[in-house]
1. Long-range amide H contacts for residue B:182: which residues qualify at under 5 Å (H placed 1.01 Å from N, peptide plane, sequence gap of 5 or more or a different chain)?
2. Sticking with the crude label model, points 7 Å out along Cα→Cβ, report the distance from residue A:95 to residue B:53 in nm, one decimal please.
3. Considering only DSSP states other than H, G, I, E and B, which trypsin sites (Lys or Arg not before Pro) in segment B:86-188 qualify as loop sites with at most 13 other Cβ atoms within 10 Å?
4. Sum up the charges of everything whose Cβ sits under 12 Å from the Cβ of residue A:70, counting Lys and Arg as +1 and Asp and Glu as -1, but leave residue A:70 out.
5. What list do you get for B:63, B:144, B:98 if you sort them by fewest beta carbons within 10 Å?
6. Check each of the trypsin sites (Lys or Arg not before Pro) in segment A:82-145 and keep only those in coil by DSSP with at most 12 other C-beta atoms within 10 angstrom; list them in order.
7. For residue A:29, which sequence-distant residues (separation of 5 or more, or a different chain) have an amide H within less than 5 Å of its own amide H, given hydrogens modelled in the peptide plane?
8. In whole Hz, with x marking every Gly and Pro, tabulate ³J(HN,Hα) for segment B:75-82 from phi via Karplus 6.51 cos²θ - 1.76 cosθ + 1.60, θ = phi - 60°.
Amino acid sequence: MMRWIAPILCLCLIPFAADAKQLEVFPSAITLELKPTDFDQVESTQGFLQIRIDTRLLRGSRWRVSLELVLPLESAGRTFKAQALSWTAQPPFVSRNLLPNQRVIVGEGPIDGRTVEGRLVWRAGGGIPSAEQFRGRVMVILEELP
Amino acid sequence: MRKSARTRIRVLARCRRVPALGLLACLLACPVDLSAQGRVVAQEPLDIVILAASHLNLRIGTSGSTIDVVSFTVNQLPGTGAVAGVSSGADPVPVRASSTPSGATKILTANSSTPLTSAGNTIPFTQISWTGAGGVPSGTFTGSPSQQIWTGTQSLGAGAAMSFSYANTVYVSPGTYTGRVTYTLSSP
């Protein structure tokens, strides 16, 4: 009898285990609008990104979340400067800006079984000489540190 | 033939050294603190869209909600010469016009259809002219609701300005006459 209970229990737990994720990001896309407020000033709307890390599903001593621009922000051959895209955040996440061809650390903390949640408030800076739509992709990367 | 074979051998020998040198270089370049190296366990994509809307900017006179007043103090007989105006803001009155996209055609118009009034008496805006600078052409108000003042694809920036004057060619009843001209920037 006991021989059957364990496999059945395992089968029941598999769907729950599959649902659990170490890293969750919401939403999967953000849109920032640049509006000139005066002749030399541009104002950006804000974009919100929620990050959730379940450290129960991690090994090692520390976690680290980084961002990497994997598809540059482009429009008809023109590129929007990665550095002009920045975010503000509360600890354990940090306020920074994107960098081209470089992984930027967003936050780091201990793997202690707790769930870590944070919000990055995005803004775009600089000026755009023409009415365009720049599209790009950032990868949110979760690492375990030994 | 022999020479080329020797060369090939030499090249191969050099190639063999490359991995060893590369490994050495890598070891030297590696940071000492190996605990900083992490193992990627999850990745989530985030798409980013940046929109820049089409926009027109216009400023005549002082920035913000202030409406500049250009005053003409007439203490000479009609027909004895024009009277220069004095602005409550910067003088001459600065004009700035720009657009996003920057090369768009822009049209600056003025509505001077409502004459200046004082206790039931009027002075038509056709009595008022301006001298343009920095790309703004000179002209005289026509009293129409959409008189074209300027058009262009470039921007009107530093140096663009207007100096106003009152023709003083007709007799009018004494008084303080006030009126307003409204400028509009549009793009077809």
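Where a number appears in this text, it was derived from the coordinates with a stated rule and is not lab data. Since the structure is predicted, the reported quantities are computational estimates derived from the model, not experimental observations. For neighbour counting, all protein chains shown are included, and Cβ atoms are generated from backbone atoms with ideal geometry for every residue, glycine included.
1. Hits under the 5 Å cutoff: B:111.
2. Label-label distance for residue A:95 and residue B:53, simple model: 2.6 nm.
3. B:180
4. Here the charged neighbours net out to -1.
5. Ordered from fewest to most neighbouring Cβ atoms within 10 Å, B:63, B:144, B:98 come out as B:63, B:144, B:98.
6. Working: sites: A:96, A:103, A:114, A:119, A:123, A:135, A:137; in loops: A:114.
Listed in order of number, the matching sites are A:114.
7. Amide H neighbours of residue A:29, under 5 Å, 5+ apart: B:47.
8. For segment B:75-82, the Karplus curve yields 10, 9, 5, x, x, 9, x, 6 Hz.
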